[in-house]
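The values are calculated or read from the model by the stated rules, or taken from the named source; none is laboratory data. It should be emphasised that the depicted structure is a prediction, and the values quoted were computed from it without experimental measurement. Backbone-built Cβ (ideal geometry, glycine too); neighbour counts: all protein chains shown. SASA here: full protein model, heavy atoms, side chains in, ligands and nucleic acids out. Shrake-Rupley method; radii C 1.70, N 1.55, O 1.52, S 1.80 Å.
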Amino acid sequence: MQKKEEIAYFSMEVGIDSRIPTYSGGLGILAGDTLRSCADIGAPIVGITLMNNKGYFFQKLDDQGNQIEIPVEWSIDDFMELENINISIPVEGRKIKVQVWKYLVTGITGCQIPIYFLDTNVKENSEYDREITYFLYGGDEKYRLYQEIILGIGGVLVLDALGYKNIKKYHMNEGHSSLLVLELIKKENEKFGDRTTEEIIRSVRNKCIFTTHTPIQSAHDKFSISLVKEVLGGYIGNNEIDKICQNGVLNMTLLALNNSLYINGVSKKQQKVSSSMFPGYPIDSISNGVHHIFWTSKSFRKLFDKYASNWRVDPSYLRHATLVPRREIMDAHLKSKRELLDFVNTKKNIGMDIDIFTIGFARRITKYKRFDLLFNDIEKLKDIALNTFPIQIILAGKSHPKDFDGKRTIKNIYNIINDLSDHIKIVFLENYDIEIAKLITSGVDVWLNTPQVPNEASGTSGMKASLNGVPSLSILDGWWIDGHIEDVTGWKIESAPIKNVAADTNNFIGSNSIYSKLESVILPMFYSNKKKWTKIMRYTISFNGSFFNSKRMLQQYMLKAYSI
Ligand SMILES: *Cc1c(COP(=O)(O)O)cnc(C)c1O
């Protein structure tokens, strides 16, 4: 049967449910939130992603603070149904079989949209081929290329086999899926052999949309041309491969940039940074958002139902948060905080106190995010906590298994937590995932974010916090440039662009700015001016919750990208 869906959304990772371990961080969560909003409005869209039979990994810390990565045991058929199709992809003179699982996302009015998970773990495949879809971002360069072949080329073949004959737009959520361009060109060639190459390329380009998510060069996938030819030469043809490579390298970002009609970054700031990295490409911006219901705690959902009754259908109504009595905002917050602290105290037996100002910070841990900036001057931090106002701190985050800097940072923080344990209660929650993210972003009193300018493409945890009335204390980069109003939605942390000052100096500037804002503005207000504090909580919701949500984001994609 021919299916009506017109947009195919490709993403290497999708974070749709904390029990489905097919995400590592912001990119996957964004994909999940996007597809949730699609289901809410019944958008004619289908999601395509990879299965990760063993997940990203389950994180544990040993008693030295070393991150231990444990494969995730989970059973796919608790959540998804196997489709009755099989495709195979010819590589290196053999065929890799791919099976397909369907997961249905249900929206607020009951509409459902499918996400297809591509899985090579079938018995006809060799052991090596079965493992291609075991680990998200696992293995070596070749393993990654195989994964991206399954996602990009396999994804197009799967849509065909499932009867989606009417796809008008292929949206690449980051460059991992850009090999889909090659499959589309191949299909057009086979179908319209009489067209010129130029016409074919133009017609493919009209169908492709590319969202770039990071200004960090090393995060853009690149493969050597010899590897690509070895693996794909027989299927795509060496001539075609030569055409898409530059200086002996296949750059997945350039492949997507060169073949997309519409290109966007995920914040105003990242649009600028990406445009200077890739001069000549028309890069637009659509700011990220988070799913307004999914990331709002139970107590705030109740409050919004009462005071902004249309907010579930249209989160722009959250601007009415300014009408909520301050006491009710505080009560709702204390319920979320209680839930978080119960979780923390049960896990860590640390006795965190609901009356104490609580700082939250949780992210993928990698160098530019400067996870340890808050601890740059431990004596100063201790001095604030002991001699001005008490604080407690909740941290979480995973580091990629091969990110040795990130893992050193975790170990370092682990030691700091132990050293400070007589003075400040600090916990590091293991295995940061969607459930923990929901608890922390809604239950702390302030959300901290300390990236190195200009590396933050957007950042989304602060948006989750906003929906729950939690203001941010953040470096002005990514989304916070647009979400920040000093003393109204939160506070900025000073910083200098890395190219102007040495990293140490910049860390000094940033950490001192955190300490002085805490000491002179934030803590006094929290402890002695609840009236002003609760006003800030309200503004946080009405300015930022009403805007930085995935419904508004999706509407912009529909207008600017899907309907051109
Ligand atoms: C939201 C989220 C992220 C991404 O947060 P950023 O602020 O964009 O870095 C990463 N991991 C989990 C589990 C999340 O929920």
_Quick check: the angle from helix 530-539's long axis to the longest principal axis of the chain, C-alpha only, nearest 10 degrees?_
20
_Nothing charged except the Cβ atoms of Lys and Arg (+1) and of Asp and Glu (-1): what's the magnitude of the dipole of the chain about its Cα centre? Round to the nearest 20 debye._
1540
_Under the 0.36 nm per residue contour assumption, what length would be gained going from the current alpha-carbon distance of residue 500 and residue 168 to full extension?_
115.0 nm
*Evaluated at q = 0.07, 0.09, 0.11, 0.13 Å⁻¹: base-10 log I(q)/I(0), Debye formula over Cα of the chain*: -0.41, -0.67, -1.00, -1.36
*Can you give me the relative contact order of the stretch 298-548 as a percent, contacts being Cα pairs under 8 Å and 6 or more apart?*
24
*asked:* I need the calculated FRET efficiency for the pair residue 516 and residue 306, taking r as the beta carbon distance and R₀ as 41 Å, to the nearest 0.05.
replied: 0.60
*Per residue, what accessible area does the chain have, given a 1.4 Å probe and all protein chains present, in Å²?*
38
*Any chance you could run the full-extension gain for residue 298 through residue 18? It's 0.36 nm times the residue separation minus the Cα-Cα distance, nm to one decimal.*
99.1 nm
*Using a 1.4 Å probe over the heavy atoms of the protein chains, calculate the carbon and sulfur portion of the accessible area of the chain as a whole percent.*
50
*Counting DSSP beta bridges in the chain, what percent are antiparallel, to the nearest 5?*
35
*Keeping all protein chains in position, work out how much accessible area residue 400 exposes to a 1.4 Å probe, and write it in Å² to the nearest 10.*
50
_Using the Cα centre of the stretch 175-334 as origin and beta-carbon charges of +1 (Lys, Arg) and -1 (Asp, Glu), tell me which of 290, 304, 273 is placed farthest towards the positive end of the dipole._
304
*asked:* Suppose R0 equals 51 Å. What FRET efficiency, 1/(1 + (r/R0)^6) with r the Cβ-Cβ distance, do residue 528 and residue 192 give to the nearest 0.05?
replied: 0.10
*What whole number of Å gives the distance from the Cα centroid of the stretch 468-500 to the Cα centroid of the stretch 249-310?*
18
*Hey, with R₀ at 35 Å, roughly what FRET efficiency would residue 62 and residue 92 work out to, going by the Cβ-Cβ distance, to 0.05?*
0.35
_Helix 225-236 vs. the chain, principal-axis angle (Cα, 0 to 90°, nearest 10)_ = 50
*Packing rank of 310-322, 74-86, where each peptide gets the mean count of other beta carbons within 10 Å, highest leading*: 310-322, 74-86
*What percent does the relative contact order of the chain come to when contacts are Cα pairs within less than 8 Å and at least six residues apart?*
14
*asked:* Helix-only mean residue ellipticity at 222 nm, the chain, DSSP H runs n ≥ 4 weighted -39,500 (n - 2.57), per residue, nearest 500. What is it?
replied: -11000 deg cm²/dmol
*Relative to a virtual label point 7 Å from the Cα of residue 367 in the Cα→beta-carbon direction, which members of the stretch 506-543 show backbone nitrogen distances below 20 Å?*
506-511
*Find the centroid of the Cα atoms in the stretch 209-233 and in the stretch 78-118, then give the distance between the two in whole Å.*
24
